[in-house]
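Remarks on the structure that follows.
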Amino acid sequence: MAKIKVLMVDDEERFRTTTAKILARKGFETILAESGEEALEKMDEGPDVVILDVKMGGMDGHATLKLIKEKTPDVPVIMLTGHGDVPGAQKAYETGAFDYLAKPCDVDLLGTKIQDAHQYATKVAYIEKKAGDIMIPLDNYTQISIDSTVRDAILALEKTMREFLATDRLMDTGHRSVVVTDSSGSVVGMLSPLDLIDAVRPEYLSAPKPSMADSLQYSAMFWHGLFTSRVKEIMGRSVRDFMSDTLPKIDAETNLMEVANMMVTGPARRMLVQSGGANVGIVREQELFYEIAKIISSS
């Protein structure tokens, strides 16, 4: 399947380049423009979808949108507007925008909107996807060896987050978990934020209570400073002590109802997607949520 070509128009260089990098990792081809005037020139390169910031120096987004729709009326345009800018969003719709997103913009939602816009423009009827269609590629996740320490995991995650740190216009809400692999590179588990939070808790809170002490409660009044000291205690320990067990596995061809059922009955917020026996991605509850939203919005 040919990649969806996206024209990203924004006058802030850091935002353009960071967003282009993220969209490329999600499988999109990107064209960049730093102004409305340049965007009109880049329309000759045949973008499938345009992402257009409203507030730009020189020709603003509304003026650019009007000229784009006059030149190429069938190309869908998604506007990026300030949070709570209802009049601006309404004006964009009236001028012909396909949709708008408020800043900061969630990158997963942006990717979904781009796919929706392309589907709408090409008049392709909605076809229910499979696990492999909605998964996050495994390469998108931070990966560490099972022999790594908690500190190693956090440093690796911070490095990844710095690479994708943008501005107040972009927000990456996913991929806070770290994939743990063995010496062969196979996925053996994940270290999630909740795993670390659980690890920080005093171990006696998870220990079984004596049979006659079911009503025993621990006083939090003595816990001042305990959080910091516990973090320092666990940071040198192996991730294998705290990581979640191996993720449930599903095939890339698994239908979404089966994915939903396995998530609920597992329960499992994430599942490892395989194709031909190889690990290729991870599907999370967020991906199913976006599919639910897409079906509702298109109905």
Look through the stretch 237-269, keep the residues that are over 16 Å from Glu287 (Cβ atoms) and among the small types (Gly, Ala, Ser), and return whichever of them is nearest to the chain's Cα centre (by Cα). Ser244
Cβ-Cβ under 7 Å, sequence separation 6+ or interchain: first residue in the stretch 94-116 and touching a residue at least 60 places away in the same chain (Cβ under 8 Å), partner in a loop (DSSP other than H, G, I, E, B) and open to solvent by 50 Å² or more (accessible area, probe 1.4 Å). Which pairs? Lys103/His83; Lys103/Asp168; Pro104/Asp168; Asp106/Thr173; Asp108/Thr173; Gly111/Lys26
In the stretch 119-127, is there at least one residue being assigned to a strand (DSSP E or B) and over 19 Å from Arg16 (Cα atoms)? no
Could you list, in sequence order, all residues of the stretch 135-155 that are touching an Asp or Glu at 6+ places or on another chain (Cβ under 9 Å) and part of a helix (DSSP H, G or I)? Val150
Cβ pairs under 8 Å, 6+ apart or interchain, first in the stretch 29-44 and among the hydroxyl-bearing types (Ser, Thr, Tyr), second assigned to a helix (DSSP H, G or I) and buried (at least 16 other Cβ atoms within 10 Å of the Cβ), ordered by first then second residue, are Thr30/Thr19; Thr30/Ala20; Thr30/Leu23
Would you mind stating whether Gly132 is assigned to a helix (DSSP H, G or I) and surrounded by 19 or more Cβ atoms within 10 Å (Cβ to Cβ)? no
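The values are calculated or read from the model by the stated rules, or taken from the named source; none is laboratory data. What you see is a predicted model, and the numbers here were worked out from it, not measured in a lab. Glycine also receives a Cβ, built like all others from the backbone with ideal geometry; neighbour counts cover every protein chain displayed. All accessible areas refer to the heavy atoms of the entire protein, side chains included, with ligands and DNA or RNA removed. Shrake-Rupley method; radii C 1.70, N 1.55, O 1.52, S 1.80 Å.
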